[in-house]
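Written out below as structure tokens is the structure these notes cover.
The values are calculated or read from the model by the stated rules, or taken from the named source; none is laboratory data. Bear in mind the structure is a predicted one, so any value in this text is a computation, not a measurement. Methodologically, a virtual Cβ is constructed for each residue, glycine included, from the backbone with ideal geometry; neighbour enumeration extends over all protein chains shown. For accessibility, only protein heavy atoms count, side chains too; no ligands or nucleic acids. Shrake-Rupley method; radii C 1.70, N 1.55, O 1.52, S 1.80 Å.
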Amino acid sequence: MKQKIFLASVMVIMSSLAVAQTLPPVETQKPNADYKPAFPGQTRMPGAQTQTKLDVKVISSDLKLPFGLRCLPDGRFLITQKQGVMRILKADGSNDKTIAGVPAVAFGAQGGLLDVNFDSNFVKDRTLFWSYSEDAPGGFQLAVARGTLSADDSKLENVKVIYEAKPAYNGHLQFGSRIVFDKEGNLFVSTGEHSADEIRVRAQDLTAGIGKIIHITQDGKPVPGGPFAGKADALPEIYAYGLRSPEGLAINPWTGELWESEFGPRGGDEINIIRPGNNLGWPVITYGIEYRGVKVGEGIQQKEGMTQPIYYWDPVISPCGIMFYNNDVIPEWKGNLFVAALSGQHINRLIIKDNKVVAEERLLKDKYERWRALVTGKDGAVYGVTDNGRMYRIGKAN
């Protein structure tokens, strides 16, 4: 029986791929730059169209600038709001709890309370990890904290800051930040580079914790054996570097690899596979241009020793949270990467084959929402939160 179900799922996915190859690319607008991709299929792949009839509904409309979204083991949802509020919603979207004990955050522009996550031991130890911007000497910086959720879900206890991404900078832009766990329960944390010309160059600096993917233990220590462990003038917790504004992270459940969405300038939004020691190139290489319309740096897109994105967008969609769909409720979506698009105002569905994007779909364009984070619920539906304070359920129609 299991083999029959598996084969049926494969047939549905292959059928979806066949449909995708016959549709034109979803992007029809002129790019910001005339840059050429490094390889065929790196941008503007054929379109796709979901064949399953969907049921889309708003299940909450009273959120305030949500950023982090996780599905708890019991099916409820854990949500962060940038002003510094952590909440739990019931599975139907109704309010359940507001969690006290969140440390003060430096709220403003892109700063505030950001991501939240927990590992597979949560049911036993009730430990949460979250990221936020904090006041620091010299400006603001990203912090990662750990705490225990009380038995009645009402407050955080034993709160401790376990990591701070230095240096601080006097600006409220581009903190990152997402948190995911490796199979040993260690944390991958994405950090932004604060945007301004004079600070963003430190995305290439291995003595700085900004513009990086950081790999730390649950105590905030560098995971032993990292790519820069034991090297002079390098932080041992750095896993990868050369990032601008990494606002999405997800582990591919089939390969175990870490994937990242990169918020570019004008053009140059990226999807990357993050491997240890990689230099993703920012601000040396990019497929985007400055917001003011000029080239970034030397205006190059490829350089030896710097990793190419597996996919990029120009014009931008402003990618934020990402997730892999790993459920049998909507078989044609299984294995697809879903991207919450902010300025693009849609959910971007990427069909992946052999670590390459083979087709792209733009879902819920008619809602005109800035999508911030996505998660699969216990029921196999996709749930998403938007900057307008809404939470959507996107499921299979009956």
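Let me spell it out: the conditions are (1) exposed (fewer than 14 other Cβ atoms within 10 Å of the Cβ); (2) closer than 26 Å to GLU198 by Cα, and ASP219 meets all of them except one. Which number is the exception?
(2)
What number goes with the only condition from (1) of a type in the set (A, V, I, L, M, F, W, C); (2) more than 29 Å from THR22 (Cα to Cα); (3) open to solvent by 20 Å² or more (accessible area, probe 1.4 Å) that ALA373 does not pass?
(3)
Determine whether region 387-394 contains at least one residue that is more than 16 Å from TRP313 (Cα to Cα), part of a loop (DSSP other than H, G, I, E, B) and modelled with pLDDT under 95. First the steps, then the outcome.
Step one: list which residues in region 387-394 are more than 16 Å from TRP313 (Cα to Cα), which gives 387-394.
Going one step further and asking which of them are part of a loop (DSSP other than H, G, I, E, B), we end up with 387-390.
Filter once more, so that each one left must be modelled with pLDDT under 95: none.
Checked region 387-394: no residue is more than 16 Å from TRP313 (Cα to Cα), part of a loop (DSSP other than H, G, I, E, B) and modelled with pLDDT under 95.
Based on this model, can you work out whether GLY112 counts as surrounded by 14 or more Cβ atoms within 10 Å (Cβ to Cβ) and under 20 Å from LEU374 (Cβ atoms)?
yes
Out of curiosity, is SER343 at pLDDT 95 or above, surrounded by fewer than 18 Cβ atoms within 10 Å (Cβ to Cβ), among the small types (Gly, Ala, Ser) and under 18 Å from ILE271 (Cβ atoms)?
Yes, satisfied.
For region 83-109: of the residues being touching an Asp or Glu at 6+ places or on another chain (Cβ under 9 Å) and in a strand (DSSP E or B), which is most open to solvent (accessible area, probe 1.4 Å)?
The residue in question is ASN95.
Have a look at GLY226, GLY299, GLY256, GLY211 and point out the one that is touching a Pro at 6+ places or on another chain (Cβ under 6 Å) and among the small types (Gly, Ala, Ser).
GLY226
Having 3 or more residues that are among the charged types (D, E, K, R) and on the phi < 0 side of the Ramachandran plot is the bar; report the strands (runs of 3 or more DSSP E) wholly within region 338-386 that clear it.
It comes to 356-363.
Matching residues to (1) in contact with a strand residue (DSSP E or B) (Cβ under 6 Å, 6 or more places away or on another chain); (2) β-branched (Val, Ile, Thr); (3) more than 20 Å from ALA341 (Cβ to Cβ):
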{"site": "GLU270", "(1), (2), (3)": "yes, no, no"}
{"site": "THR286", "(1), (2), (3)": "no, yes, no"}
{"site": "ILE289", "(1), (2), (3)": "yes, yes, no"}
{"site": "ARG292", "(1), (2), (3)": "no, no, yes"}
{"site": "GLY297", "(1), (2), (3)": "no, no, yes"}
{"site": "ILE300", "(1), (2), (3)": "yes, yes, yes"}
{"site": "THR307", "(1), (2), (3)": "no, yes, yes"}
{"site": "TYR311", "(1), (2), (3)": "yes, no, no"}
{"site": "ILE317", "(1), (2), (3)": "yes, yes, no"}
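Looking at (1) part of a loop (DSSP other than H, G, I, E, B); (2) at pLDDT 95 or above, find the lone condition where ASN398 falls short.
Failed condition: (2).
Return the pair list, or none, for Cβ contacts closer than 9 Å from residues in region 271-296 that are open to solvent by 40 Å² or more (accessible area, probe 1.4 Å) to residues that are acidic (Asp, Glu), at least 6 apart or on different chains.
ARG275/GLU257; VAL284/GLU298
Just to be sure, is GLN302 polar (S, T, N, Q), more than 30 Å from THR52 (Cα to Cα) and in contact (Cβ under 8 Å) with a residue 12 or more places away in the chain?
yes
Would you confirm, using the coordinates I've provided, whether LEU249 is surrounded by 13 or more Cβ atoms within 10 Å (Cβ to Cβ), hydrophobic (A, V, I, L, M, F, W, C), closer than 14 Å to LEU187 by Cα and at pLDDT 95 or above?
Here the answer is yes, as LEU249 does meet what is asked.
Taking strands (runs of 3 or more DSSP E) that fall entirely within region 212-286, which contain at least 3 residues that are under 16 Å from the mean Cα position of the chain (by Cα)?
212-216, 246-251, 258-262, 269-274
In region 22-69, what residues are surrounded by 14 or more Cβ atoms within 10 Å (Cβ to Cβ) and in contact with a helix residue (DSSP H, G or I) (Cβ under 7 Å, 6 or more places away or on another chain)?
PRO46, GLY47, ALA48, GLN49, THR50, THR52
Go through (1) open to solvent by 40 Å² or more (accessible area, probe 1.4 Å); (2) touching a residue at least 24 places away in the same chain (Cβ under 8 Å) one by one and return the number of the condition PRO236 breaks.
In the conditions (1) open to solvent by 40 Å² or more (accessible area, probe 1.4 Å); (2) touching a residue at least 24 places away in the same chain (Cβ under 8 Å), PRO236 misses (2) alone.
So ALA196 fits all but one of (1) over 21 Å from the mean Cα position of the chain (by Cα); (2) open to solvent by 10 Å² or more (accessible area, probe 1.4 Å); (3) farther than 23 Å from TRP282 by Cα; what number is the exception?
Just one mismatch for ALA196, condition (3).
Out of (1) outside any strand (DSSP E or B); (2) of a type in the set (Gly, Ala, Ser); (3) buried (at least 22 other Cβ atoms within 10 Å of the Cβ), the odd one out for GLY75 is which?
The failed condition is (3).
On the given criteria, is ALA104 within 30 Å of ASP379 (Cβ to Cβ), more than 21 Å from the chain's Cα centre (by Cα) and of a type in the set (Gly, Ala, Ser)?
No, not satisfied.
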